[in-house]
1. Would you mind getting me the FRET efficiency between K24 and K53? Use the beta-carbon distance for r and R0 = 35 Å, nearest 0.05.
2. If you consider only alpha-carbon coordinates, what radius of gyration and Dmax does region 9-58 have, in Å?
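Values quoted throughout were computed directly from the atomic coordinates according to the rules given, and no laboratory measurement underlies them. Computed from a predicted structure; not experimentally measured. Positions of Cβ are backbone-derived with ideal geometry, glycine not excepted, and every protein chain shown enters the neighbour counts.
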Amino acid sequence: MKKQGKEVTEEDYKKLLGEIASLKKDLTQERLRADFYEEMVAFGKEVYGIDLKKAGTK
């Protein structure tokens, strides 16, 4: 997408909009994954009494 000057075509604009939509989707999925992980750790601590955040560290 390197351009000589500041001309942005409609095609460039559409590509950028598509990339933004893709990045937003990826961000949403990663946030859901992180939230699920936090819930899983909390559930493990509640049910099994194991703090998974500290389990592997020495």
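1. Values: r = 29 Å, r/R0 = 0.83.
About 0.75, to the nearest 0.05.
2. Final numbers for Rg and Dmax: 18.8, 58 Å.
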